[in-house]
């Protein structure tokens, strides 16, 4: 038989209890309906791709001198030339890209908070998701410029942002229907009424 001191040591050797508590703290104990989980999972894939791209872009631009020294890739020259094509002067485009990617990371953290609230079926999630996504789009259009948004943002970026926003809005309206006594379904009527 283990003493209480040995039990405490054994309890903290495995990370599983901590991970379970952390998961419950973030996502709650109750599992949401299948539509909420599906919307959450699709949006999490989109979120992950954008946050990964923003982090990689930020650190690539930030460490452009190291990349030139180690790999011989002139990142700064390529970015500067593209900036001139977009109408920026000198290093202005590099500075703006750094700021944009830093703020983009913050926007995606805010969207992550919204996704967690969506999973917990708290209707306030829509403000986080829409706020973060629209600020991100606004930064790319108004801070960088409209030509950057049209030419340099990929088709995947635009479609993924559209899916993130529309699926969140659609889920929000279905959630409001459920909170007012209906069910989350595609037709807006309770299945019991039929």
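No value in this document is a laboratory result; all are computed from the given coordinates. The shown structure was predicted, so the numbers you read here are calculated from the model rather than taken from an experiment. Backbone-built Cβ (ideal geometry, glycine too); neighbour counts: all protein chains shown.
Miscellaneous remarks
- Calculated FRET efficiency, residue 158 to residue 16, Cβ-Cβ distance, R0 = 30 Å: about 0.15 to the nearest 0.05.
- Cα-projected label distance for residue 179 with residue 34, points at 7 Å along beta-carbon direction, nm: 2.5 nm
- Residue 56 paired with residue 122, simple spin-label distance in nm, labels 7 Å along Cα-to-beta-carbon: 3.2 nm
- One decimal place: the segment residue 150-residue 63 gains 28.7 nm when fully extended, by the rule 0.36 nm per residue minus the C-alpha distance.
- With contacts taken as Cα pairs under 8 Å and at least 6 residues apart, the range 31-174 reaches a relative contact order of 27 percent.
- Computed from the Kirkwood radius of its Cα pairs, the Stokes-Einstein diffusion coefficient for the range 31-174 at 37 °C and 0.692 mPa s stands at 202 µm²/s.
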